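The values are calculated or read from the model by the stated rules, or taken from the named source; none is laboratory data. Because the structure is predicted, anything quoted here is derived from the model rather than measured. All Cβ positions, glycine included, derive from the backbone under ideal geometry; neighbour counts span all protein chains shown. These accessible areas exclude ligands, DNA and RNA; they are computed on the full protein's heavy atoms, side chains included. Shrake-Rupley method; radii C 1.70, N 1.55, O 1.52, S 1.80 Å.
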Amino acid sequence: MASGHFSGENTHLTWVLTNDGTLTIKGKGDLIDIRNDFDNRVYDTDYFGAFHIFNYPWVCCYPWFDCLDLIKAAVFGEGIEGLGVGTFQRYWNLEKIMLPDSLKLLDSWTFYGCTKLKEITIPANVTEVGDAFDECCNLKKVTCLAKRPPSIMDSTFENIAKDPVLYVPKECVDTYQQNTCWSKSFKEIKNIL
């Protein structure tokens, strides 16, 4: 359906969107401050998600932006280490996300407002999560594979589904329960089944 490549400082990635709505991104680096080789538009979003075009080099348009209504699943290949600000902000049809073990950072608004997202697994190597899942109003199940709780914000899981459940490695349940931000976001923290 659509494909392309893009690069930034220390980043070289390719992407393919198939007819079933699966966006697959492969390569090495991160999706932070990238440039689309074919379309140098630069976007910023206001609080309500309205898009505005600016010429600031630090606010980038991801090349699959024009396909946002078609994307139902996002699959990230090994080698991707970070997802930047607003990478998939308000992708209303995004239902499934597969993050790689190489991932270390989920920045602010990465999946903000993805209202069809019901569950997510955060890989073991993630050390920091901005307010990446705010307004994911159907997000009910979060699995975090990290043995040490990643740094999160009070708003990381704000306005998600009522009574969400966090699943963590069995030996880490107490650690997550004692972490102020994680225990505030999840009243129910269980070991991974």
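Quick rundown of the values:
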{"item": "For the stretch 5-22, 3J(HN,Hα) per residue [Karplus equation, 6.51 cos²θ - 1.76 cosθ + 1.60, θ = phi - 60°, Hz, x = Gly/Pro]", "result": "9, 7, 8, x, 5, 6, 10, 9, 10, 10, 9, 9, 10, 8, 4, 7, x, 8"}
{"item": "Segments 166-173, 108-115 sorted - mean Cβ within 10 Å per residue, highest first", "result": "108-115, 166-173"}
{"item": "Accessible-area order (highest first, 1.4 angstrom probe) of the listed residues Leu99, Leu117", "result": "Leu99, Leu117"}
{"item": "Within straight-line cross-link reach of Lys72, lysines at Cα separation under 24 Å, skipping those fewer than 8 residues along the same chain", "result": "Lys26, Lys28, Lys96, Lys104, Lys116, Lys118, Lys140, Lys141, Lys162"}
{"item": "Full-extension gain in nm, Glu188 to Thr14, via 0.36 nm per residue minus C-alpha separation", "result": "58.8 nm"}
{"item": "Note, ³J(HN,Hα) from phi for the stretch 108-124, Karplus 6.51, -1.76, 1.60, rounded to Hz, x at Gly and Pro", "result": "4, 6, 3, 10, 3, x, 7, 6, 8, 6, 10, 8, 8, 10, 8, x, 5"}
{"item": "Amide hydrogen neighbours beyond the local backbone of Ala132, cut-off 5 Å, H modeled", "result": "Trp109, Thr110"}
{"item": "Label-to-label distance, nm, for residues given as Asn93 and Thr175 (7 Å Cα→Cβ offset)", "result": "4.0"}
{"item": "Relative contact order (percent, whole number), the stretch 59-193, Cα cutoff 8 Å, 6+ residue spacing", "result": "17"}
